[in-house]
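Take this structure, written in C-alpha cells, and hold onto it; I'll ask about it next.
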Amino acid sequence: MRLSYLESLAGHYRAARDYALRANATPPRDMRVSIDLVSRLRTFNEVAALRGHLERLPPPDRLPIPLLLAIAAQLSYLNQQDDALQLLDEARRGDPDYPPMLLARGQVLTYLGRFDEAEQDLLRCTALAPELASAWWALSRIRRQTPGANHVDALRKRLAMPPRRPEEPVLLAYALHKELDDIGDHAAAADALDRACRAKRALIRYSTDESTALFERLHALPAPPAPPHPPRGDEPTPIFIVGMHRSGTTLLEQLLDGHPGVRGLGELYDFTSCMRYATDHHCRGVIDATLIERSHGVDFAAVGRAYLDGLAWRLQGERHFTDKLPSNFLNLDFICRALPQARILHMVRDPVETCFSNLRELFSDANPWSYDQRELAAYFRQYRHLMAHWHARWPERILDVDYARLTREPEAVMREVATFCGLAFDPAMLEHQSRSRGVATASAVQVRDRVMARGQPKWMPYREYLQPLLEALED
C-alpha cells in the first residue's frame with residue numbers, strides 16, 4: 001500500500017495500480033489498511049477487485065462502523081447509492097447516534113431523492129455534533145429555506161466561533177449564502193458568498209497562466225493522421241455529456257435515462273483512468289500537460305476497448321449509456337479517436353448564468369478556477385475557445401444542446417438529441433421526476449423538479465457584486 005501511494009506521488013500510474021492490486025491479493029487483516037485499500041482500488045477504477053475484496057470481508061453486521069462508512073463512501077463515489085445505503089443502515093443499527101454515519105446517510109439519501117429522510121438525519125447530526133460544518137452545508141441544500149424555517153442564525157453563530165479546521169468557514173459561509181438567497185436577502189447573501197469564495201481560494205493552488213498553457217497544448221494537438229478505427233457492430237454506444245459544470249448536464253442525462261435503451265451512469269472518471277494507464281501518468285484532475293505530451297504515442301483503439309470493458313459491469317443489456325463528466329470536454333479529442341461510435345452532447349448555457357452558478361457552488365477539490373470572478377471568466381473563455389476548436393476538428397461528432405431552449409421546449413430538443421444519438425424518441429424521456437436512480441452531483445436536489453424556464457436570471461439581484469465577472473465576460 002505504501003509503495004502504491006509513493007508511485008502515485010511520483011506520477012507512475014501503472015506501478016501504483018499494480019501495487020494496489022498486489023495488496024488486494026493478500027487481504028489485509030487490519031481495518032485501517034482495508035479502508036485504505038478500498039479507496040485505492042476505487043482510485044484506479046478496479047471495480048472487480050474492489051467488489052472481490054468486499055466479498056471476502058465478514059458479513060456487514062460483523063464489520064466495525066468506520067469500515068462500513070469507508071466502503072459506503074467508495075460505493076457512493078461509484079454511484080452505487082442503494083448498495084451504499086445498505087451498509088449505512090447496518091452502521092445505524094450498530095450506533096443510531098453516530099454523527100459521521102448520520103452525515104453520510106443524509107448525503108446518500110439526498111442522492112436518491114429521499115429528501116425528507118435525509119433532512120431528518122442531517123438535523124439529528126447537527127444536534128449531536130454542531131461542530132460538523134459539512135452537515136450544516138448539506139442541510140442547507142436539502143430544500144428551499146423560508147423566512148420562517150431556516151438555519152441562518154445557527155450558521156452565523158457557528159461562523160463567529162474560531163474554526164477548528166481551515167475548511168469549516170468555507171462550508172459554513174456557502175451554507176449561509178444558500179439560505180440567505182433562499183429567503184431573498186440578496187445583499188447579505190452576496191457578502192456570505194464573497195466570504196466563502198475568499199476562504200476557499202486561500203486554500204487552493206491555481207494559476208490562470210498554467211491553465212492557459214494547458215489549453216494551448218490541447219489546441220496544438222496534431223490532427224489524426226487517418227480516420228479513427230471503425231467501431232465494432234456489437235459495441236455499445238457511449239453518449240458523453242460535456243460542458244462547463246452547472247450548465248444543465250445533469251438534467252440532460254436525467255432526460256436521456258428515461259429512454260428504455262439508455263442507461264445513465266453519472267459522472268465517471270473511467271476514460272481519464274484509461275488515459276492515465278495508456279500514458280503511465282498519474283495526474284491530478286482530468287488531464288495535465290504531461291498526459292497531453294505522452295498522448296502522441298497512445299494506442300487509442302486499446303484505450304477504447306479498455307474503457308468499454310471497464311464499464312461492462314454497469315450495463316444491463318442497454319445499447320447506449322451516458323458518461324456525464326462535464327470536464328470531459330478536455331478529453332474530447334482523445335474520446336473521438338478512441339471511441340468512433342461515441343456521440344458528444346455539449347451543453348451550452350448563458351455565460352453569466354453558468355459562471356454565477358459555478359461561483360456559488362462548492363466543488364471539493366475540483367474546479368479551482370471557480371472561486372475568483374476574473375479567474376472564472378478567464379477559464380470560461382478558454383473553454384468556449386477550445387469547444388470551437390473541437391467542433392472544427394470533429395464537426396459530425398458534437399451536438400450543442402442549448403439549456404434555455406431545453407427548458408422551454410423539452411420535447412423538441414430531446415427529439416433532436418435522440419436523432420443525433422441514433423435513438424427513436426420515447427415520451428418517457430420527459431418524465432424525469434419519477435426516476436429513482438441515484439444522482440450524485442451538485443444538482444441532486446434541483447434535477448428532481450419539473451423542467452422549468454426561469455423568468456429572470458438567478459444572477460440579476462447580484463449585478464453589483466458581479467461587476468468583475470460581467471466586465472471580464474463582456475467580450
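Given the criteria over 30 Å from residue 44 (Cβ atoms) and open to solvent by 10 Å² or more (accessible area, probe 1.4 Å), does residue 305 qualify?
Against the criterion (over 30 Å from residue 44 (Cβ atoms) and open to solvent by 10 Å² or more (accessible area, probe 1.4 Å)), residue 305 does not qualify.
Just a yes or no: is a residue in the stretch 17-32 surrounded by 17 or more Cβ atoms within 10 Å (Cβ to Cβ), within 26 Å of the chain's Cα centre (by Cα) and not in a helix (DSSP H, G or I)? Full working, then the answer.
The initial filter retains those residues of the stretch 17-32 that are surrounded by 17 or more Cβ atoms within 10 Å (Cβ to Cβ), namely 17, 19-20, 23-24.
Add one more test, that the residue is within 26 Å of the chain's Cα centre (by Cα), and what stays is 17, 20.
Imposing the further condition that a residue be not in a helix (DSSP H, G or I) reduces the set to none.
Within the stretch 17-32, not a single residue is surrounded by 17 or more Cβ atoms within 10 Å (Cβ to Cβ), within 26 Å of the chain's Cα centre (by Cα) and not in a helix (DSSP H, G or I).
Exactly one condition in (1) part of a helix (DSSP H, G or I); (2) open to solvent by 10 Å² or more (accessible area, probe 1.4 Å) is false for residue 271; which is it?
Condition not satisfied by residue 271: (2).
Now a separate question. Could you check, for the stretch 331-338, whether at least one of its residues is more than 30 Å from residue 203 (Cα to Cα) and open to solvent by 10 Å² or more (accessible area, probe 1.4 Å)?
Looking for residues that are more than 30 Å from residue 203 (Cα to Cα) and open to solvent by 10 Å² or more (accessible area, probe 1.4 Å), one finds at least one in the stretch 331-338, hence yes.
Inspect the stretch 465-475 for any residue being modelled with pLDDT under 95 and either open to solvent by 50 Å² or more (accessible area, probe 1.4 Å) or under 24 Å from the mean Cα position of the chain (by Cα) (or both) and give the result as yes or no.
Yes; the residues of the stretch 465-475 include at least one that is modelled with pLDDT under 95 and either open to solvent by 50 Å² or more (accessible area, probe 1.4 Å) or under 24 Å from the mean Cα position of the chain (by Cα) (or both).
Taking residue 312, is it open to solvent by less than 20 Å² (accessible area, probe 1.4 Å) and out of contact with any Cys (no Cβ under 6 Å at 6 or more places or on another chain)?
Taking the combined requirement at face value, the residue does not satisfy it.
Follow-up question, since we're still on this one. Taking residue 279, is it open to solvent by 30 Å² or more (accessible area, probe 1.4 Å) and touching a residue at least 60 places away in the same chain (Cβ under 8 Å)?
Answer is no for this residue.
Shifting gears a bit: Can you name the residue in the stretch 288-299 that is touching a Lys or Arg at 6+ places or on another chain (Cβ under 9 Å) and open to solvent by 10 Å² or more (accessible area, probe 1.4 Å) and, of all such residues, is farthest from residue 8 (Cα to Cα)?
Restricting to residues being touching a Lys or Arg at 6+ places or on another chain (Cβ under 9 Å) and open to solvent by 10 Å² or more (accessible area, probe 1.4 Å), the top hit is 298.
Further question: How about the stretch 36-66: which of its residues are open to solvent by 10 Å² or more (accessible area, probe 1.4 Å), of a type in the set (A, V, I, L, M) and at pLDDT 90 or above?
49, 63, 65
Looking at the stretch 108-156, which of its residues are open to solvent by less than 60 Å² (accessible area, probe 1.4 Å), outside any helix (DSSP H, G or I) and small (Gly, Ala, Ser)?
Correct list: 113, 129, 149.
So, one more: Considering only the stretch 368-379, I want to know if a residue exists there that is open to solvent by less than 10 Å² (accessible area, probe 1.4 Å), farther than 15 Å from residue 200 by Cβ and touching a residue at least 24 places away in the same chain (Cβ under 8 Å).
Looking through the stretch 368-379, at least one residue is open to solvent by less than 10 Å² (accessible area, probe 1.4 Å), farther than 15 Å from residue 200 by Cβ and touching a residue at least 24 places away in the same chain (Cβ under 8 Å).
Which of the residues that make up the stretch 403-425 are open to solvent by 50 Å² or more (accessible area, probe 1.4 Å) and touching a Lys or Arg at 6+ places or on another chain (Cβ under 8 Å)?
403, 422
Moving to a separate point now. Only one residue in 260, 351 is within 29 Å of residue 381 (Cα to Cα) and not aliphatic (A, V, I, L, M). Which one?
When all the criteria are applied, what remains is 351.
Right, something else. Report, by residue number, each residue of the stretch 75-107 that is of a type in the set (Lys, Arg) and open to solvent by 20 Å² or more (accessible area, probe 1.4 Å).
92, 93
Out of curiosity, is residue 237 closer than 30 Å to residue 41 by Cα and open to solvent by 20 Å² or more (accessible area, probe 1.4 Å)?
The answer is yes for residue 237.
Given the conditions (1) at pLDDT 95 or above; (2) open to solvent by less than 20 Å² (accessible area, probe 1.4 Å), report the number of the one that residue 11 does not fulfil.
(1)
If you go through the stretch 69-86 one residue at a time, do you hit one that is over 29 Å from residue 324 (Cα atoms), in a helix (DSSP H, G or I) and out of contact with any strand residue (DSSP E or B) (no Cβ under 8 Å at 6 or more places or on another chain)?
The answer is no, given that none of the residues of the stretch 69-86 is over 29 Å from residue 324 (Cα atoms), in a helix (DSSP H, G or I) and out of contact with any strand residue (DSSP E or B) (no Cβ under 8 Å at 6 or more places or on another chain).
The values are calculated or read from the model by the stated rules, or taken from the named source; none is laboratory data. Everything numeric here is computed off the predicted structure, so don't read it as measured data. Please note: Cβ atoms are built from the backbone with ideal geometry, for glycine as well, and neighbour counts cover all protein chains shown. For accessibility, only protein heavy atoms count, side chains too; no ligands or nucleic acids. Shrake-Rupley method; radii C 1.70, N 1.55, O 1.52, S 1.80 Å.
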